[in-house]
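**Student:** Next up is a structure, given as structure tokens.
The values are calculated or read from the model by the stated rules, or taken from the named source; none is laboratory data. Note that the structure is predicted; figures quoted are calculated from it, not measured. Cβ: placed from backbone, ideal geometry, glycine included. Neighbour counts: every protein chain shown.
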Amino acid sequence: YKIVADSEFIIWCYVNGKKFKNVEIPINTYENGGYADQNSIMRSVERWKVVSDYKLKPQNEINDYYFQRLLWEDECKAYLSENYNITI
């Protein structure tokens with residue numbers, strides 16, 4: 001994954017029974033405007049794939065959630081508006 005590899009790693013750890021501990025100190029920070037923000041649709045699609053691959057919920061629930069999420073992405077709204085005259 002280009003964007004959500006860190007999330008995939010956390011899910012992998014959880015699914016494989018790894019233990020988590022709150023150390024109450026920041027171990028990572030994110031800044032707005034980076035690659036993930038510039039490619040928000042791809043980020044959502046990658047997250048959708050990760051959650052689907054691990055089968056954490058029934059597939060129809062996963063699909064409903066991520067489809068709705070994609071509809072709120074600015075790029076997706078612009079595409080639907082420009083190409084299908086749909087306003088969300």
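**Student:** State whether the residues of the stretch 68-77 include one that is farther than 20 Å from residue 12 by Cβ, in a loop (DSSP other than H, G, I, E, B), at pLDDT below 85 and not basic (Lys, Arg).
**Tutor:** yes
**Student:** Which residues, counting only those in the stretch 46-67, are assigned to a helix (DSSP H, G or I) and either under 14 Å from residue 8 (Cβ atoms) or touching a Cys at 6+ places or on another chain (Cβ under 6 Å) (or both)?
**Tutor:** Taking the stretch 46-67 first, the residues assigned to a helix (DSSP H, G or I) are 46-54, 59-67.
Of everything in the stretch 46-67, those that are assigned to a helix (DSSP H, G or I) and either under 14 Å from residue 8 (Cβ atoms) or touching a Cys at 6+ places or on another chain (Cβ under 6 Å) (or both) turn out to be 46, 47, 48, 49, 50, 51, 52, 53, 54.
**Student:** Also, quick follow-up: Every residue in the stretch 1-27 that is closer than 24 Å to residue 73 by Cβ and polar (S, T, N, Q), please.
**Tutor:** 7
So that you can scan it fast, the table gives a plain yes or no per residue for (1) modelled with pLDDT of 85 or more; (2) β-branched (Val, Ile, Thr):
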{"residue": "25", "(1), (2)": "yes, yes"}
{"residue": "32", "(1), (2)": "yes, no"}
{"residue": "39", "(1), (2)": "no, no"}
{"residue": "52", "(1), (2)": "yes, no"}
{"residue": "57", "(1), (2)": "yes, no"}
{"residue": "63", "(1), (2)": "yes, no"}
{"residue": "80", "(1), (2)": "no, no"}
{"residue": "88", "(1), (2)": "no, yes"}
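**Student:** Residue by residue through the stretch 3-45, note down the ones that are surrounded by 10 or more Cβ atoms within 10 Å (Cβ to Cβ), assigned to a loop (DSSP other than H, G, I, E, B) and among the polar types (S, T, N, Q).
**Tutor:** 39
**Student:** Residue 46: touching a Ser or Thr at 6+ places or on another chain (Cβ under 9 Å) and not basic (Lys, Arg), yes or no?
**Tutor:** Spelling it out, residue 46 is indeed touching a Ser or Thr at 6+ places or on another chain (Cβ under 9 Å) and not basic (Lys, Arg).
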